[in-house]
Amino acid sequence: MHSYFKLSPLACACALCSAMAQTTPGEIIITGNPLGREQTSVPASALGRSDLIERGQSTLGETLSGLPGVSSTYFGPNASRPIIRGLDGDRIRVLNNSASSVDVSALSFDHAVPLDVLSTERIEVLRGPAALQYGGSAVGGVVNVIDNRIPREPLSGLSGKAQLQGATGNRERSAAALLESGNARWAWHVDGFDRHTGDVRVPLSVACDKTGETRYAARICNSASQSRGGAVGASTFWDHGYLGASVNTHQSDYGTVAEDQVTIGMKTTRYALEVQQRQLPGWFESVKGRLGHTDYRHTEFDNGAPGTVFANQGQDLRIEARHRALLGWQGVLGAQVESGRFSAVGDEAFAPFSQTRSQALFVHEVLPTAWGQFNAGARWESVRVASLGNPSLDRFEVGTRAFAPWSLAAGTLVQIAPAWRLTGNAAMTQRAPKDYELFANGPHLATHAWEVGNSQLGLEKSRSLDAGLAWQSGPHRMGITAFASDFDNFIALLATGQTQDSLPVQTYQGVKARFRGLEAGGRQRLWQAASTLDLDWRADIVRARNDSTGEPLPRIAPLRLGATLAYAQGPWHAKFGADWHAAQHRVPAGSVATVAYTLANASVSYRQKLPGLTLDWFARIDNLTNQLAYSPTSILTSTAFGKSPLPGRSFKLGVQAGF
């Protein structure tokens, strides 16, 4: 049950997140550091269980939004994916326990990621070139959602957690619980969660036509949701390894916000098998394998009547083998196979039935040196995308495209002084187009467009650099990272000036694009006696341009500055913070500019220890001043402006019990 994790000092400085890990026994290595070295050049961050209790939202994107370099697609409170360094969609890889999360959330902004933080132990974010080992679809970064549904270490006795929480802004009522037990040879895990929310309160009256009659209320129309799920898992252990399996399900019914009478009913089931053998004889020290199968389906209901049905069935297999040192090099070799079968049945199916299959080989190597370390990696993929048309619609092209993308990356860490580290990473990455980018042809109401694919698209190619400087002295730390990415054949959805069925026609085209940005943050200890007072600060900025047209790229976060005062005394912790978002006027034609806004928040927590039981009480106020604001990274800001501002003031109260 207990989740322990450790970030290296460099990773902490590069992460610049408010939740910095405490060193504890039983370390778990971050996603971008498979060799588990104390130092790494990887720009990474992690949110542990206590951080997820404090800042967890109903969507993955909103939970992570606000970390330096991370924003959210925000399609209302029920559907949002992370944006990392200005890149979103299929350029961000969402993983579950380092395995593919099979869904259709990258296909459309109104499709939710079927993961809930109530059942999550921690979330890791890996930025930039270091994400190479996870493929071209991770050119922007990796988000790894980690749970303990497959126990990876022996357990002793019975342990458990239960959590209750509620909130005023969305009338949330949530509950979650887990139990774990085991001995030196066996361990089992069971968990479940249930979350109910109502329409979200906002600082103005919003029009709603849910029942055929227009009404106005200070809540986002059609933003209620119900989510539930659970899992069972078990593992058997031997002297130097384990074998585990789990099955989990996630169901959600939620409003789509952009359309007052449209809701989505989603269900996904995942089966997973994981095995590891350590202390092998010969060249390899250890081998780890993961096998998963996922069945995903959601139905879009219009005023209660079933409409378009989206389904995705996928399998993934990943094998990693760590070899013994060779000429000073330590490394991991691996292979990955993924397959998926997608279908959309209904009048609003804008992408055809399709099959996608990929195979990959990858290597990640590290050379420790007297001054730091050098690392390098490579990945080769073979991708086949086939359009099968649609038996009910004749507008889709039928055909097959094959691609062979490859990627290279290198990085270095230099210990320039005892408290100072310099890092750098570079990568050349190629990404194969997705099925909808190649073969789409239909109405996509979430983007208010008729989308048309381009079956002649080639590989999307990018060259990326980042450089970071980190300093740490006792409780004080600071870090800054600069990054740059240049794309050839950046696959963008662009307007054509034509219309079809009263919708503007947009086509996928390859353009040249560039991204530039900075991420910075740190902590300053202001007071230390019987209590402590720290100042956490953070900042980031991204500039992105379509070099083929000279216009800015859409949905890019502006300059953001934030600070938090954190007070701790014994079992008490309190925080007060604010984040300022600059106005975003760098938008392409047809997009809506947004004005500057500031969001303030405050929280307090108390740990109560009872015989055999620990209670963690927590309370938080979000958007303390009830500021009216619109997200510059949300497509709703341009397609349905006024319908979905960011949530207004909300008070959350909860407790987690552990034994």
Percent relative contact order for the stretch 243-317, counting Cα pairs under 8 Å at least six residues apart, stands at 28 percent
Report the FRET efficiency, 1/(1 + (r/R0)^6), for residue 416 and residue 297, where r is their Cβ-Cβ distance and R0 is 51 Å, rounded to 0.05.
0.45
Report the accessible area of residue 333, computed with a 1.4 Å probe over the heavy atoms of all protein chains in place, in Å² rounded to the nearest 10.
60 Å²
In nm, the gap between the two label points placed 7 Å beyond Cα toward Cβ at residue 239 and residue 395 is 6.5 nm
Note down the magnitude of the dipole of the chain about its Cα centre, charges +1 on Lys and Arg C-beta and -1 on Asp and Glu C-beta and zero elsewhere, to the nearest 20 debye.
1440 debye
Report the Cα-based extents of the stretch 425-501 along its three principal axes, largest first, to the nearest Å.
63, 26, 21
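Lys and Arg at +1, Asp and Glu at -1: add these up for the other residues within a Cβ distance under 11 Å of residue 443 and post the number. Intermediate values should be presented prior to the final figure.
Numbers: positive: 395; negative: 347, 348, 451, 501.
Spelling it out: positives minus negatives among the neighbours equals -3.
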Each label point is 7 Å from the Cα along the Cα-to-Cβ direction; what then is the distance between the points at residue 559 and residue 502, in nm?
4.3 nm
Fraction of the pair-distance distribution of the chain above 36 Å, Cα-Cα pairs, percent:
36 percent
Cβ-derived FRET efficiency at R0 56 Å, residue 156 paired with residue 209, nearest 0.05
0.45
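At a 10 angstrom cut-off on C-beta neighbours, averaged per residue, how do the peptides 543-553, 606-616, 635-645 rank from highest to lowest? Let's see the in-between values first.
On the way: 543-553: 17.0, 606-616: 11.6, 635-645: 20.1.
My ranking of the peptides, most packed first, is 635-645, 543-553, 606-616.
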Please list, ordered by chain and number, the residues whose modelled amide H lies under 5 Å from the amide H of residue 440; skip anything fewer than 5 residues away on the same chain.
453, 454
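Given 0.36 nm per residue, what is the gain on full extension from residue 370 to residue 467 after removing their alpha carbon distance, in nm? Intermediate results must be reported in sequence, preceding the final value.
Values: separation 97, 0.36 × 97 = 34.92 nm, distance 2.03 nm.
Gain on stretching residue 370 to residue 467: 32.9 nm.
Treating only the Cβ of Lys, Arg, Asp and Glu as charged (+1, +1, -1, -1), what charge dipole size does the stretch 119-222 show about its Cα centre? Round to the nearest 20 debye. Intermediate values should be presented prior to the final figure.
Details: 13 positive and 11 negative charges, 30 e Å.
For this selection, approximately 140 debye.
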So what's the back-of-envelope 222 nm ellipticity for the chain, counting only DSSP H runs of four-plus at -39500 (n - 2.57) apiece and dividing by all residues, rounded to 500?
-1000 deg cm²/dmol
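Please report, in cubic angstrom per residue, the volume enclosed by the convex hull of the alpha-carbon atoms of the stretch 432-587. Please report the intermediate quantities before stating the final value.
Details: hull volume 26.2 nm³, N = 156.
Per residue, the Cα convex hull of the stretch 432-587 comes to 168 Å³.
Set the Förster distance to 56 Å, then compute FRET efficiency between residue 567 and residue 251 from the Cβ-Cβ distance, nearest 0.05.
Given R0 = 56 Å and the Cβ-Cβ separation, E is 0.90.
Quick one: net charge around residue 251, please, counting Lys, Arg +1 and Asp, Glu -1 for every other residue with C-beta under 15 Å from its C-beta. Could you put the intermediate results ahead of the total?
Working: positive: 195, 228, 267, 270, 297; negative: 103, 116, 191, 194, 253, 295.
Its environment carries a net charge of -1.
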What's the carbon and sulfur percent of the chain's accessible surface, probe 1.4 angstrom, rounded to a whole number?
58 percent
Would you mind calculating the gained length between residue 217 and residue 454 on full extension (0.36 nm times residue separation, minus the Cα-Cα distance), in nm to one decimal?
81.1 nm
Over the stretch 353-441, what relative contact order in percent results from Cα pairs under 8 Å that are six or more residues apart?
27 percent
Which residues does the label zone of residue 530 cover in the stretch 566-606, counting backbone N under 12 Å from a point 7 Å along Cα→Cβ?
569-570
Under the rule a/c < 1.5 gives rounded, and otherwise a/b versus b/c splits prolate from oblate, where does the stretch 101-142 land using the Cα gyration tensor?
oblate
Of 330, 117, 621, farthest towards positive along the dipole that unit charges on Lys, Arg, Asp, Glu beta carbons give the chain
330
Probe 1.4 Å, all chains present, heavy atoms only: residue 412 accessible area in Å², nearest 10, is 40 Å²
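Taking the Cβ of residue 207 as the centre, find all other residues whose Cβ is under 15 Å away and add up their charges (Lys, Arg: +1; Asp, Glu: -1).
-1
The values are calculated or read from the model by the stated rules, or taken from the named source; none is laboratory data. On a predicted model such as this, the values are computed, not experimentally measured, just so you know. Glycine gets a Cβ as well: all are built from the backbone with ideal geometry, and neighbour counts include every protein chain shown. Quick note on the areas: whole protein, heavy atoms, side chains included, nothing else; ligands and nucleic acids left out. Shrake-Rupley method; radii C 1.70, N 1.55, O 1.52, S 1.80 Å.
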